[in-house]
1. Take peptides 432-444, 187-199 and line them up by average Cβ neighbours within 10 Å, highest first, as a rough protection proxy.
2. With a 1.4 Å probe and all protein chains in place, put 111, 167 in order of accessible area, largest first.
3. Can you work out ³J(HN,Hα) from phi for every residue in region 411-417, in order, using Karplus 6.51 cos²θ - 1.76 cosθ + 1.60 and θ = phi - 60°, giving whole Hz and x for Gly and Pro?
4. Rounded, prolate or oblate: which fits region 89-206, taking a ≥ b ≥ c as square roots of the Cα gyration tensor eigenvalues, rounded meaning a/c under 1.5, else prolate when a/b beats b/c?
5. Please give the length that would be gained between residue 484 and residue 119 if that part of the chain were fully extended, namely 0.36 nm times their separation in residues minus their C-alpha to C-alpha distance (nm, one decimal).
6. Could you do me a favour and compute the accessible area per residue for region 241-327, 1.4 Å probe, result in Å²?
7. Whole number in Å², please: accessible area per residue of region 423-570, 1.4 Å probe, ligands, DNA and RNA not counted.
8. Which lysines, on any chain, are close to residue 82 with Cα under 30 Å apart, when same-chain ones fewer than 8 places away are left out?
Amino acid sequence: MFKSSQPLNRTRSNFNFAAMAATCRRHFFSLQGEGQGRGNAGVVRVQLLWAVSMCCALLCIQYLPHSISAEPILASSLGFCKTVPVLRGAPLHCCLPAPTRKPIRFKFPTCANGGPPVVRERKPVHVVQNDPEYVRKYNLAYARMKALPDSDPRSFLNQWRVHCSFCNEAFKQRELPGPLGKATGVLLQIHYSWTFLPWHRMYLYYHERILGDLIGDPTFALPFWNWDNQLDPIAGMMPFMFLPNFPVNNSALTDVNRNPNHMPPKILYLGYNGKLEAEGKQNLTDEQIRYENLCVMYNQVVTKISARSFLGGPYVVGTNNTAATVNVAAGETPGESGGMEIVHNVAHEWTGLINNPAHPDNEDMGNFIYAARDPIFYTHHSNVDRLWDVWKTIPDKVTIAGNRQRVDYTSSDFLDSEFTFFDENQDMVIVTIRDSLDSSKLGYKYADVSESDNLWINYEPLPPHKPSEPWNPSHWPAVVPSGNNTIGKVPSSFKLARRAPTKKDLKGKGLKHLNQLQEDIVLEKMRIPHSAYARFDVFLNFPEANRETHLYMSEYVGTFTHLPSGMVDMSASVSHSSVTESDGQFRLFNIRYSVGQALRRLGIADWNTDVVVTIVSKGLRRTNPTIDFYFSDIKQDFQ
Ligand code: C2O
């Protein structure tokens, strides 16, 4: 049948960094926006029209609040806060100090006379670390932050707690208006949904302002760890300025809880699989790592046109993705991480201590509980934030019409979601997602690294494998919708019957034409243990794919990763076996792979040809051969 992985010395005629960079150009397509909302926005609109024409004014007033049901979430550190359990040791206290003054509303930054603020320019860390003056200031800012008392919300301890608490279900979701809206009974989790990018953007915004304020420098900017850069030989390494033995004093930037096997000259591998590494089977050359990294970036960012596929799924009041009790029939959505969150998890996993029994939580970076204790965290997220800006500029090239612009969600449920943070004056500030969408209004910008961005933006995977026998997807079983479909250690392949999109698929998308839709494959309601790092790489029409298959092939369509957080039952997680038993220890996820480009590469130009979907499970950290992942269905979906 097919040849399995590509031989090491296979040369790619089209892989010439300099030539690729030279031919790269950005195109801008001006198209109408995508208008993402919740799936029922169209129904709501029709209902509303009906209501307007049929009802008297009074009835309308009663009708509106029920049918338009805007339910933006309020994420505030005021009020209820519980400790966060960890695998080893006592639960952690991640709660934040109460504000000493009345919370204030966010205002865009200005300079003293009210004009536009001095722009902070965030530069690549592999560049700024060569500037001793910058390193000195950066280290001083963190040293001062670490010296602040625990009661000060600007202290490094409290900066870590911000992440530990909001990302590990210490708080409950609240309803607007903030800052202390009505508490719901549902715990709050700002990962695994559309809140991921905006929340981290504003978290960094205040973190950067606090650091700058502590050294009296209003132009101070965080650097970004440019790990997606495959052009510069050192950009993907753990940044030197955070490591011991750096020539300039960097004592406030080091952290002992990092993977000693991933120090320079190792480069971050976006196909990273800790299990394979532990078995001694992950021995790629740097060149192979770079090819795979480009392909992972291409599949996690470029092929994702819709806001949903890049930013993540909706998260509104009542959504409970912290337990496996999501009531999909009632309109609740399981967790759905976007392409950006998924690829960012790999850098966390790779940087943290892994396969070390003394550190079962993969501290610091490998677990949302501890991640922000490592100063590398903020430079990693600076790059994640940058990539959100880059995503909006990438030309379509993915849908059949190839003329759709990437835009953020536009629904009120998204835009009016509120968060609270502490600013450089120790004031609690209420910000909305609406405030976060335009980074230029926030007074910072990113240094241009488009030459390396363009390597993955314009990446083309290897040509498809040629089957040696006639191909027939019916050799593989279709998924029977149920809660008991499993993915185990061995790759699983399923036949997927495809269909053409219909007018119904356009609903609520803000698009006019069917051929502007992005075709996705969704694994529905995957159950993932809270305490597990999970990774699924998916291939189309390549059932031979296994844990060692390279990701730079045409058949690879993307990755899903889950980074642990908010472990609910520690004793159970430690003894492994009971992880499969109780529902409370799982999250439910919808996992989305965007496949339109891959289908065309594979020569499938119609909507109806069936395909085989192969899911290769990787990366459960703690060895337990009995753990299977359960999911309910595999579906085609259009966004
Ligand atoms: Cu809140 Cu990189 O995580």
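The values are calculated or read from the model by the stated rules, or taken from the named source; none is laboratory data. All of these numbers come straight from a predicted model, not from anything done at the bench. Positions of Cβ are backbone-derived with ideal geometry, glycine not excepted, and every protein chain shown enters the neighbour counts. SASA here: full protein model, heavy atoms, side chains in, ligands and nucleic acids out. Shrake-Rupley method; radii C 1.70, N 1.55, O 1.52, S 1.80 Å.
1. The peptides rank, most packed first, as 187-199, 432-444.
2. From most accessible down to least: 111, 167.
3. With coefficients 6.51, -1.76 and 1.60, one gets 6, 5, 4, 7, 4, 8, 4 Hz.
4. prolate
5. 126.1 nm
6. Solvent-accessible surface per residue comes out at 31 Å².
7. Per-residue value: 37 Å².
8. Within the straight-line cut-off, residue 82 pairs with 102, 146, 172, 182, 525.
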